[in-house]
Structures are given as structure tokens and as C-alpha cells.
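Dumping the structure here so I can ask a few things about it.
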Amino acid sequence: MEEIVRVGYNRLPVVIGPNGTVKREIQRKTKTKIEIDSTLSEVTISSDKSFFEVHVAKNIVSAIARGFSPENAYKLLKDNFSLEIIPIDDYVKHSKHRHTQVKGRVIGREGRIKQIIEKKYNCIISVYGKTVSVIGDEERIKSAREAIEKILSGAKHSTVLKSIKRDSLLEGYKEVKEEEKIDDIDFK
């Protein structure tokens, strides 16, 4: 089993790490073999044993390529964590100026919008190149993606923040309802 990941030339040194430490760490944690072709800027990941491990290593390398630090990318080793990559081109056509504007909207003034989404949905967001990427719990990552997609589609920050607040209220309401169901059970 083998996977090839294209990595930008400026992110390739991060995948390798100082003296190859990041590359070795990914190999050790995923039990895969990684070969890096710096002329083509490609990372080849292979394993004789498990396709799943190759898939995890590919996600880690892809996360690093999308601007995450290796430490944050290693969170993908957890079973319930995944990587979502949202291409900005799906929302904005080939205007470099508009790309910059939209990325700025996702980040927000002084990074506040990005921080609010990260805190609420317990995820990590990277706005890099022509993508917005999210690492997080599979259940919560969908909600984070929805909030980001609303911003990319042009929704006002206030609208997105209201929907995040509504999600918080509903989440609390669901927890209360579940507790009531448990309290209603007669254990006699």
C-alpha cells in the first residue's frame, strides 16, 4: 500500500523537521515508511501491513502541508479525530484580492472569529494558501465546517456567531433533556 502527497516547497522542511525528526516521528507513530522527493515536492508513504496506518500518515502529512504544526497534526492519531480541507476556490473564483478578503473574514479581527470557532467546537483551524483546514473530533468538525462555509459564502459574522450561540443553547438543552429521561426512569 502506497500513497503520494504533494507538499508545497515551503512546507516540505516542516514535514522533514530539524535533522529529520518530524519524518521519523511520523514513521514511528504510524509504523509506515516515508520517502521524500524534494525535486518533485512529493511525499511517498508506504506500509506492508496496514492501509489504515498509511491513511493516518497521509492525513498527518496533509495537515502539515496545509499549515498545521506537527504537534497539532499528531492529534490525527486519535481515533475520533479527522482532517477537513475546505477549498476557498469553491466559494471565490480566481481573484487573489478576493481570496485574501475571504481568508481575513474566516480569521476575523485579531483572530477572534477563528478563536471562537476553535473554542466552541474544540478544533484547530489553519487558513493557508487556498484552503481552510480543520482538525477536530468527527462529531464537532461538521459544525465547525458549517460555520466556516457560512463565512466563506458571505454570511455576516453576527449571523454566524448567533448560529454558534444557538448551537450552544441547543447542546445544553439536549443534555438537560437526556438527564430528565434518566431521572424519569423508575429503578424500583
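No value in this document is a laboratory result; all are computed from the given coordinates. Here the structure is a predicted model, which means the values were calculated and not measured. Heads up, the Cβs are rebuilt from the backbone with ideal geometry, glycines too, and the neighbour counts pull from every protein chain shown.
Determine Rg/Rh for the stretch 94-133; Rg is computed over alpha-carbon atoms and Rh is the Kirkwood hydrodynamic estimate from the same atoms.
Here Rg/Rh amounts to 1.00.
Here's a follow-up. Just flag the GluC sites (Glu not before Pro) in the stretch 17-111 sitting in loop per DSSP whose Cβ has no more than 14 other Cβ atoms within 10 Å.
Numbers: sites: Glu25, Glu35, Glu42, Glu53, Glu71, Glu84, Glu110; in loops: none.
Answer by residue number: there is no such site.
Further, regarding this structure: May I ask you to derive the FRET efficiency for His157 and Gln101 from their Cβ-Cβ distance with R0 = 22 Å, giving the value to the nearest 0.05?
0.95
Out of the stretch 1-73, which trypsin sites (Lys or Arg not before Pro) are coil in DSSP terms and have no more than 16 other C-beta atoms within 10 Å?
Taking the stretch 1-73 and a limit of 16 other Cβ atoms within 10 Å, the loop trypsin sites (Lys or Arg not before Pro) found are Lys31, Lys49.
Hey, what number do you get for the chain at 222 nm if only DSSP H runs of n ≥ 4 count, each worth -39500 (n - 2.57), divided across all residues, to the nearest 500? Mind dumping the intermediate values first?
Details: 8 runs with 99 residues, N = 188.
Calculated from helices alone, the mean residue ellipticity at 222 nm is -16500 deg cm²/dmol.
When only DSSP loop residues count, what chymotrypsin sites (Phe, Trp or Tyr not before Pro) in the stretch 1-103 have their Cβ near at most 15 other Cβ atoms within 10 Å?
Passing both the DSSP loop test and the Cβ count: Tyr9.
Which whole-number percent gives the relative contact order of the chain, counting Cα pairs below 8 Å spaced six or more residues apart?
Rounded, it is 17 percent for the chain.
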